[in-house]
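FYI, it's all coordinate maths here, none of it is from the lab. Remember, it's a predicted structure, so these values are computed and weren't measured experimentally. In this analysis, Cβ positions are derived from the backbone assuming ideal geometry, glycine residues included, and neighbour counts consider all displayed protein chains.
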Amino acid sequence: MRKPNPDALPGAEEPRAGYYAVNGTMIYAEVRGSGPAVLLVSSVYEDAEIYRGVAERLTGFTVVTYDNRGTSRSGRENWPGCGSGQHADDAAGLIEALGLEDVVVFGSGTGGIIALQFALRYPELVKSVLVYEPGYFSLTEDGRRLQDVASRTIDHYLTAFPDDWVGALAALGRATAGVKEGTSRGFFEPPTGKEWYGERRDLNAEAFVKNDIQLGFETPDEAALAALDVDVRVVCGTSAVPVFRDIAARLAAIRGTVLDFIPRTHHHLYFRADATAAYIQERASAPSQGRPQSQADGS
């Protein structure tokens, strides 16, 4: 039996779990609570269980978490290779299958890329979108450099050790350890007491190598993003590493807004489930703002 999520709330009600036929595959999803809809979108190498601690702390909402196509309990039909658009179609299909609308979409990492694609493709389903440190590495010079290191490290490792996905992910973590300032710990290594997250990550290492890296090469449609008539909040952790902070700042500039911040969080924000849930709770409870007025009125 696998160890439980260390951030799960003791005594929390079990989710309503099920499989949904969506966009040519089966998507595993969990639904908690009742009220306005909140969809939590993880990076494509993470799954619903990663966000358990956050989901259980959100009150007064119908909270949906799910396994992205290619991870854990969801299907792998026509995967990988179809990019963030396919994942956004999956998410929208899931929301429609659940009979939900006017949803607040929160996505982190490559999940942030999916969340933006969701809003661009299905604005009629969205109340607002909260985009946390998305992996659009093409937007900055340091991001492009990091993406190059990641690709070369993965390719070199898999040439020597084909199909060793866990080993490839570990090699990448070592190669990018310096990204996290003030520590020699590998980028993907969880802090002491949070080792469960590392074990869960390794279960989906293949999805990271085959799909997460791929999504990082995508380039946002800046004109469409600037014109999108949906409330978009670009979010960073106050402990964000510079490359992700700069990417987020660039996206916020495209939207004509300032960054939001979640206290004491860095890229793997689920290590701070309380702070993350508090931010989502506040934003999901607020009225939707739409586009910044300066863009909406053409001034």
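For A97 and A223, FRET efficiency with R0 = 30 Å and r from the beta-carbon atoms, rounded to 0.05? Before the final figure, lay out each step's value.
Numbers: r = 31 Å, r/R0 = 1.05.
Approximately 0.45, to the nearest 0.05.
Among V126, N23, P287, whose Cα projects farthest towards the positive end of the dipole of the chain, with charges put on the beta-carbon of Lys, Arg (+1) and Asp, Glu (-1)?
P287
Points 7 angstrom from Cα along the Cβ direction at A286 and A253: gap in nanometres?
So the two model labels end up 2.3 nm from each other.
Could you tell me the relative contact order of the stretch 1-155? Use alpha-carbon pairs under 8 Å, at least six residues apart, and round to a whole percent.
Numbers: 287 pairs, mean separation 31.9, N = 155.
Taking the mean separation of contacting Cα pairs over the length of the stretch 1-155, I get 21 percent.
Rounded to the nearest Å, what's the spacing between the alpha carbon centres of the stretch 233-260 and the stretch 43-107? Just the number, please.
Measuring centre to centre over Cα atoms gives 23 Å.
Let me know the charge dipole size of the chain about its Cα centre in debye, to the nearest 20, where only the beta-carbon of Lys, Arg (+1) and Asp, Glu (-1) is charged. Intermediate results must be reported in sequence, preceding the final value.
Numbers: 29 positive and 40 negative charges, 114 e Å.
So the dipole magnitude of the chain works out to roughly 540 debye.
Among 167-174, 203-210, what's the highest-first ranking by average C-beta atoms within 10 angstrom per residue? Please report the intermediate quantities before stating the final value.
Working: 167-174: 19.9, 203-210: 22.0.
Highest to lowest by the protection proxy: 203-210, 167-174.
If r is the Cβ-Cβ distance from A12 to R73 and R0 is 22 Å, what FRET efficiency results, to the nearest 0.05? Provide the component values of the computation, followed by the final result.
Details: r = 20 Å, r/R0 = 0.90.
Rounded to the nearest 0.05, the efficiency is 0.65.
Report, by chain and number, residues whose modeled amide H sits under 5 Å from the one on G18, excluding near sequence neighbours (fewer than 5 apart, same chain).
A29
Once you charge only the Cβ atoms, +1 for Lys and Arg and -1 for Asp and Glu, what is the size of the charge dipole of the stretch 1-147 about its Cα centre, to the nearest 20 debye? List each step's numbers first, then the result.
Values: 13 positive and 19 negative charges, 51 e Å.
Magnitude of the dipole: close to 240 debye.
Modelled label-to-label distance, R174 and F161, 7 Å Cα→beta-carbon offset: nm?
0.8 nm
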